[in-house]
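Have a look at the structure below before the remarks.
Only the coordinates and a few stated rules stand behind these numbers; no lab work does. This structure is a prediction, so every number in the text was calculated from the model and none was measured. Cβ atoms come from the backbone with ideal geometry, glycine included; neighbour counts cover every protein chain shown.
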Amino acid sequence: MPVALYRIDDRLIHGQVVVGWGQPLELRFIVLVDDEVATSEWEQELYRMGVPPEMSVMFYTVEDAAAHLAELQKRPEPGIVLVGDIGTMGRLVSQSDGRIRAVNVGGVHHSPGRVQRLRFVFLTAAEEQGLRDIAALGVDVSAQDVPSARPVPLGELLASTSGA
Amino acid sequence: MSDGDARVSITTDTDVVPATVRAIVAGHGSFSSGIISAVEQITGRGASFLAMSNTGLCLDDIQGTLARALDDTGARVIFTDLPAGSCTMAVRRMIRARPGVVLVTGINLSLLLDFAMQESVDPIIAVQTALERARASMAVHGA
């Protein structure tokens with residue numbers, strides 16, 4: 001199981017990723033795809049220090065991640081590809097030659113202009129379209145913050161107004 | 001969000017902050033308010049701490065809320081629950097520009113109790129003493 005999860009999470013590396021997903025999936029590497037972090041040694045060190053010793057962290061721009069995707073998917077140990085926003089995931093999927101089959105919306109929190117769809121997902125109209133565009137490329141898009149929660153399919157996510 | 005204890009101060013709203021706050025406790029869910037309520041129950045000194053939860057907040061909002069809490073309280077110590085947690089990440093990023101502010105992560109109740117009982121000691125020094133006792137408080141029995 002090479003890459004177990006392709007996740008959108010605006011907190012990037014944090015407790016849900018390292019512990020919540022990391023332990024049950026026995027993740028051994030995190031690929032943090034962020035053009036800004038990829039060029040900041042200090043930011044990289046910040047995130048490295050947050051993960052347990054058995055887990056390695058790689059930092060890529062979108063272009064580098066797309067170029068390394070085939071190699072990452074051949075790794076023997078499971079890992080996660082992590083991006084901070086929907087636009088970044090859209091760019092990665094569009095450059096992945098169909099290698100990404102499923103995307104997890106793990107955390108897109110409140111900010112001005114966003115409408116609450118789930119307790120942990122708030123979206124602008126442009127972000128909703130971004131998720132539809134990803135799905136239109138044949139990718140299964142669902143929202144799920146932790147492994148024990150039910151994955152909410154994209155259609156249900158975008159129809160949800162409950163914030164449940 | 002409330003744990004029913006009137007002496008536990010909880011932010012994201014830091015407009016009204018008790019003057020006695022010496023440290024901020026930040027973490028997941030109700031961790032902070034819960035552990036502070038335990039301090040209050042045991043020592044009556046829960047008002048030494050201001051609780052903050054990351055629930056529903058993105059990284060920028062966590063950082064902004066913590067920065068306001070520091071400004072409002074004058075606290076120089078922040079306790080967080082988990083080394084990889086979003087509150088820890090936000091604090092580590094924030095304290096680059098705030099020399100003199102100390103982050104302690106991976107806390108337990110013994111640590112906060114010891115810190116709370118050192119009211120007359122400089123908070124930075126109190127942290128060091130409390131850390132030793134907190135580490136020593138973890139034990140396995142009956143194995």
Spin-label model distance (nm) - residue A:129 vs residue A:28, 7 Å beyond Cα toward Cβ: 4.3
Most fluctuating residue given options A:28, A:75, A:117, as computed from a GNM of chain A linking Cα atoms under 10 Å: A:75
Neighbour net charge for residue A:43 - beta-carbon separation under 15 angstrom, K R +1, D E -1: -2
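Tell me the net charge near residue A:71. Cut-off is 14 Å between Cβ atoms, residue A:71 excluded, with +1 for each Lys or Arg and -1 for each Asp or Glu.
Once positives and negatives cancel, what remains is 0.
Hey, got the average number of other protein chain Cβ atoms within 10 angstrom for residues in B:76-87?
Counting other chains' Cβ atoms within 10 Å and averaging over B:76-87 gives 4.
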Proxy reagent accessibility, fewest Cβ within 10 Å first, across A:42, A:21: A:42, A:21
Lys, Arg +1 and Asp, Glu -1 on Cβ, resulting dipole of the range B:40-81 about Cα centre, debye, nearest 20: 180
Potential lengthening between residue B:55 and residue B:71 on full extension [0.36 nm per residue; Cα-Cα distance subtracted]: 3.6 nm
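Order of A:136-143, A:95-102, B:37-44 by packing, highest average Cβ count within 10 Å first?
Answer by packing, highest mean first, reads A:136-143, B:37-44, A:95-102.
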Length added when fully stretched, residue A:110-residue A:77, from 0.36 nm per residue minus Cα-Cα: 8.5 nm
The protein assembly as shown: Rg to Rh, with Rh as the Kirkwood radius over Cα pairs: 1.00
Cα-based shape type of chain B, given that a ≥ b ≥ c are square roots of the gyration tensor eigenvalues and the cut on a/c is 1.5: rounded
Shape call, the range A:25-78: gyration tensor on alpha carbons, a/c limit 1.5: oblate
Amide H contacts of residue A:57 (H built 1.01 Å from N, under 5 Å, at least 5 apart or other chain): A:30
Peptide A:13-25 - average C-beta neighbours from other chains (10 Å radius): 3
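Residues with beta-carbon under 12 Å from that of residue A:15, excluding residue A:15: net charge, scoring Lys, Arg +1 and Asp, Glu -1?
-2
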Cβ-based exposure ranking for A:124, B:80, A:61, B:65, in which fewest neighbours within 10 Å come first: A:124, A:61, B:65, B:80
Residue-averaged beta-carbon neighbours from other chains (10 angstrom radius) around B:53-61: 5
Residue exposure sequence - A:14, B:141 - by fewest surrounding Cβ within 10 Å: B:141, A:14
Ellipticity estimate at 222 nm from DSSP helix runs (n ≥ 4, -39,500 (n - 2.57)) divided over chain A, nearest 500: -8000 deg cm²/dmol
Debye, to nearest 20: dipole size of chain A, +1 on Lys, Arg Cβ, -1 on Asp, Glu Cβ: 560
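For the range A:3-159, what is the relative contact order in percent, using Cα pairs closer than 8 Å and at least 6 residues apart in sequence?
Once divided by the residue count of the range A:3-159, the mean separation gives 28 percent.
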